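In what follows, a structure is listed as structure tokens, so that the remarks can point back to it.
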Amino acid sequence: MARQSPIRRLHQVAEAAVLTYGPASETGEAVEVVESFGELEMEYASLRKHCVLVDQPHRGVIEVSGKDRIDFLNRMVTQELKSLSPFRVKRSFWLSPKGRIDCDLRIVDLPSRTLLEMDVHAVARTLGSLNKYIIAEDVTLADWTERTHRLALHGPTSLELLSNVAQNAHGAEASGPAFDELLPDRACVVQLFGAETVVFRDDSCGETGLELVVPVSQALKVYQQLIEAGHDRSHDEAPGEAVSMSRSGLGSRVRLRPAGWHALNIARIETGTPLYNIDFGTDSLPAESGVLKDRVSFTKGCYLGQEIVARMDARGHPKQVCVAVRFEHQTDPATGLPRQPVTGTPLAPATGADAVGIVTSSTLSPMLGSAAIALGQVKWGHHEPGVVLKAVMDGADSLSGVVQPQLAFWSRKAGPGDSREHGGRKGP
């Protein structure tokens, strides 16, 4: 049985297409996510022009409490956390003793606790392995995956929408940056339709991205109320309907639309955001992930797996690395669309037969005129910008592509290919 969202009933009413996300979890459960609500082009356009609301049952949360929590985590994970202060966010890896990536973390610090946000498939493994290293420290780990639910708003009007409907929280965590100061890698705690909600910003799709952690018991209400708040009443069939000026004006500006995994996936590939369990995973070393500089500190003290990371750095390079490839245009006669290599397609040298890599995720990019683009793992020596690779499709048939200078194919702020680089993500 698939792990299901508390909002699943609404998705069924909307006749949303669903898919199974990722491998079966360690409990034997798969995860059911919305692929699309049937209007993929409109969902993607809303993400780029206005705002989309995304249900994320494939994300999990571990809460870390206790006065020693930051010191403990700093000795465990790859990122330097000594400077981490409340309402700040850092991304990091939790490694196995062999230096492989057990978990890709977003670490959200709050005044009285710290949240570890991650792929749901990594929760049980991370909770169990971290607990083994707690000896005398004042640290408590708790799985909040079933107590909370994850939603996200992506799009240029996301901040405006949330700032109009959120209220100040109460209690110990009733502080943090104002919404107009919610820069990337910042967090705050607000009351959202009566639900205490942790909000942190991560622009993983190239637009303003607001990640929400809400109580699972109130997730359905929050989802419905956000849809209502962002609804454009000017498009209603009954023009004489009484509508409050605040709601009508807000909806016409933000134009919120629910969106599924497919639209989000297109946008994050365009922006060059490698994803754990898709573009790298538990068999990967940090240097192979494409986000090494964003997740790993080379100046901090010891942490689990550091010796392997340092040894790899001393060697100069890993055996393989995540790259971005843009393919030539070839029209598929059957569909009339450009041909696209799917996940798992082998990548070979332009003049060779033996595979030197594999496509890990791909899409047709709306921002690049429907060009076929992909992220992939490629052997060192074939990763340099300008190297021509061919995707081996349908037997001997192939599609030629060129390795790009950065992982990002497109960036709103900097233009094509400027926001990310091989081995790392530039900070805000």
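Odds and ends about this structure:
- Any hit, segment 335-342, residues being among the basic types (Lys, Arg), under 16 Å from Pro274 (Cα atoms) and either part of a strand (DSSP E or B) or under 27 Å from the mean Cα position of the chain (by Cα) (or both): no
- Here the condition is being more than 25 Å from Asp283 (Cβ to Cβ) and among the polar types (S, T, N, Q); of Ser365, Ser361, it holds for Ser365 alone.
- Candidate set from segment 55-76 (those that are aliphatic (A, V, I, L, M) and in contact with a Lys or Arg (Cβ under 9 Å, 6 or more places away or on another chain)); member that is farthest from Ser129 (Cα to Cα): Ile70
- Boolean, Gly301 is touching a residue at least 60 places away in the same chain (Cβ under 8 Å), within 18 Å of the chain's Cα centre (by Cα) and assigned to a loop (DSSP other than H, G, I, E, B): no
- Ser365 of a type in the set (Ser, Thr, Tyr), out of contact with any His (no Cβ under 9 Å at 6 or more places or on another chain) and within 27 Å of Ser92 (Cβ to Cβ): no
- Some residue of segment 275-285 being more than 15 Å from Leu105 (Cβ to Cβ), crowded, with 21+ Cβ neighbours inside 10 Å and at pLDDT 95 or above: yes
- Number of the exception - Met312 against (1) surrounded by fewer than 18 Cβ atoms within 10 Å (Cβ to Cβ); (2) in a helix (DSSP H, G or I): (1)
- So Ala334, is it under 18 Å from Ile358 (Cα atoms) and either crowded, with 23+ Cβ neighbours inside 10 Å or out of contact with any helix residue (DSSP H, G or I) (no Cβ under 8 Å at 6 or more places or on another chain) (or both): no
- Some residue of segment 122-129 being closer than 21 Å to Leu151 by Cα and surrounded by fewer than 17 Cβ atoms within 10 Å (Cβ to Cβ): yes
- Between Ala14, Ala30, the distinction of being surrounded by fewer than 19 Cβ atoms within 10 Å (Cβ to Cβ), of a type in the set (A, V, I, L, M) and under 19 Å from the mean Cα position of the chain (by Cα) belongs to Ala30 only.
- Taking the listed residues Ile135, Ile107, the one that is farther than 21 Å from Ala30 by Cβ, outside any strand (DSSP E or B) and free of Cβ contacts under 8 Å to residues at least 60 places away in the same chain is Ile135, with no other qualifying.
- Residue in segment 99-108 that is farther than 26 Å from Val33 by Cβ, more than 22 Å from the chain's Cα centre (by Cα) and either at pLDDT below 95 or surrounded by fewer than 23 Cβ atoms within 10 Å (Cβ to Cβ) (or both) present: yes
- Among (1) surrounded by 13 or more Cβ atoms within 10 Å (Cβ to Cβ); (2) within 29 Å of Gly206 (Cα to Cα); (3) not small (Gly, Ala, Ser) - the single one Val392 does not satisfy: (2)
- Check on Ala124, over 22 Å from Asp294 (Cβ atoms), over 16 Å from the mean Cα position of the chain (by Cα) and not in a helix (DSSP H, G or I): no
- If the condition is being surrounded by fewer than 18 Cβ atoms within 10 Å (Cβ to Cβ), at pLDDT 95 or above and touching a Gly at 6+ places or on another chain (Cβ under 6 Å), then segment 395-428 contributes only Pro405.
The values are calculated or read from the model by the stated rules, or taken from the named source; none is laboratory data. Note that this is a predicted model, so its numbers are computed, not measured. Heads up, the Cβs are rebuilt from the backbone with ideal geometry, glycines too, and the neighbour counts pull from every protein chain shown.
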